[in-house]
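The values are calculated or read from the model by the stated rules, or taken from the named source; none is laboratory data. Worth saying up front: this structure is predicted, and the values here are computed from it rather than measured. Reconstructed Cβ throughout: ideal geometry from the backbone, glycine too, with neighbour counts over all protein chains shown. The accessibility values were calculated without ligands, DNA or RNA, using every heavy atom of the protein model including side chains. Shrake-Rupley method; radii C 1.70, N 1.55, O 1.52, S 1.80 Å.
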Amino acid sequence: MTDTNYFLEATYLIASILFVMGLKSLSHPDTARRGMLMAAAGMAAAVLGTLFHPAINGWQGYVWIMTGLAIGSAIGIPMAMVPMTAMPQRTALSHAFGALAAALVGVAEFSLRGHSLGPVKVGALGFEVMLGSLTFTGSLIAAAKLQEMMRGTPIQFKGQHIVNLGIFLTMIGLFVSWQLNTGAIWMFYSMIGCALVFGVALVIPIGSADMPVVMSLLNSYAGLSSASTGFVLSNNVLIIAGTLDGFSGFILSILMCKAMNRSMSNVLFGGFGAIIAEEGGAVGGTMREVTLDDVAVQLAYANQVVFVPGYGMATAQAQHAVRELGNLLEERGVSVKYGIHPVAGRMPGHMNVLLAEANVPYSSLYEMDQINPELPTTDVAVVIGANDVVNPDARDNPKSPIAGMPIIEVDRARSVVVLKRGKGKGFSGLENPLFFKSVTGMLYGDAKTSLTNLAQAVQKV
Ligand code: NAP
């Protein structure tokens, strides 16, 4: 091994260790920030090592690399500055670019060395290009749906499953045939064409609210595609990073489905938004509206208040306002806790990230299983733009489309105040009986405005 190779392998080893440690640190909010920095340092080490790769052809090679770096930075820096609410579509675009890069590396490798690669590497190259291509178009559709550049509700047509199955089987058929006859270039490019179409076909029937699950699944495909690239290029860091990415994405998808009490096939083939909209029936009774001053008095004289944030807190960007109100209450001796549902909002950890941004101490955040036993002894549960994650029908009504989904049981608290703008439904499109219960008071308005006004009113109590 030459000195350069030792340096290259050493940087790849350091990068791999940093990726593993970074991922491990991401498993807890206290260490997540450090985990992100470790992963970024790992990526920097991998890039630095690669700059000394013996395959780079003199200064011309570096000109190409620097041009790519400049273009990538020009796109990446503005992309990193999008608001938190646009993070899902931003992540989808990152997956699209990553997958496109893996697919293009595979195409280049096939054009340059296709005839001399052994059967194992040809197999890996096929997977790389196929998964990379379908992830590219699938992620672009996911980003377009989330950005509302195309219809967010499921796009379905008669015989869709048959058509999708047909495209899938053709793609796999071309993959297998090309493996047996790698000289048939048309099969290789036809397989890519099918994979590009399959990516679109896979994602259009999925509603935008299910997109985070789909995205973590696409993330997993992009990771496996990169791992295959690593096999083709004999690049250890790509194999390790791709495999970590592939399996963590897959595990995350399963965990999200579990938290929504849905199966993966229901997410992928169920057309959830469309079905629920039809099935969501009306709930009888009237909603009781409460005034700001009433709620302020209730909060000020409570022993314990539990805030339960949801998607509405994210859209209202109300995390700072809730922290200020929480601080005021704590100063008055009220015990303030935050109940976090695993799928509140629109992406995993959405509420944790927003509340951490507003400097809410992690020790005040309680997971669903920790907060539920506390609710019967809680004086006021304040629901901030949450709907589905506090819907008691999931627990009480076996016929409900969300039956069995675990919820934060705010209706067991002594009093519930719901902050929302009007009678809007949650992502499931279902009516929520919580809003009609006698224990519940509705405080209408944008969550940020309501919380800011509540903080002022509490100071006057
Ligand atoms: P939700 O059920 O979508 O309800 C959000 C509520 O916020 C709406 O009822 C809306 O009512 C209110 N709202 C919107 N903007 C507001 C504003 N500016 N101020 C005050 N209220 C506002 O949200 P959730 O309870 O957080 O549930 C999340 C849903 O997303 C679950 O069904 C979950 O399964 C799904 N999901 C989550 C993930 C994830 O990873 N987190 C992934 C996929 C799917 P108004 O219009 O009346 O204001």
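The figures follow:
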| read-out | value |
| --- | --- |
| Options ALA86, ALA96: the member that is out of contact with any Ser or Thr (no Cβ under 8 Å at 6 or more places or on another chain) and within 26 Å of SER133 (Cβ to Cβ) | ALA86 |
| Every residue from the stretch 30-70 that is open to solvent by 60 Å² or more (accessible area, probe 1.4 Å) and not hydrophobic (A, V, I, L, M, F, W, C) | ASP30, ARG33, ARG34, HIS53, PRO54, ASN57, GLN60, TYR62, THR67 |
| Candidates GLU374, GLU357 - the one that is over 26 Å from the mean Cα position of the chain (by Cα) and surrounded by fewer than 20 Cβ atoms within 10 Å (Cβ to Cβ) | GLU374 |
| ALA86 among the small types (Gly, Ala, Ser), in the same structural domain as GLY132 (by TED's automatic domain parsing), farther than 16 Å from LEU218 by Cα and open to solvent by 60 Å² or more (accessible area, probe 1.4 Å) | no |
| Some residue of the stretch 396-411 being more than 9 Å from the ligand (Cβ to nearest atom), closer than 20 Å to THR286 by Cβ and touching a Ser or Thr at 6+ places or on another chain (Cβ under 6 Å) | no |
| Single condition LEU180 does not satisfy, out of (1) surrounded by fewer than 19 Cβ atoms within 10 Å (Cβ to Cβ); (2) more than 23 Å from the chain's Cα centre (by Cα); (3) closer than 14 Å to THR137 by Cβ | (3) |
| Residue tally, condition charged (D, E, K, R) and more than 9 Å from the ligand (Cβ to nearest atom), over the stretch 412-432 | 3 |
| Total residues in the stretch 386-400, condition touching an Asp or Glu at 6+ places or on another chain (Cβ under 9 Å) and crowded, with 21+ Cβ neighbours inside 10 Å | 5 |
| Residues of the stretch 447-461 satisfying the condition of being within 12 Å of the ligand (Cβ to nearest atom), open to solvent by 60 Å² or more (accessible area, probe 1.4 Å) and not hydroxyl-bearing (Ser, Thr, Tyr) | LYS448 |
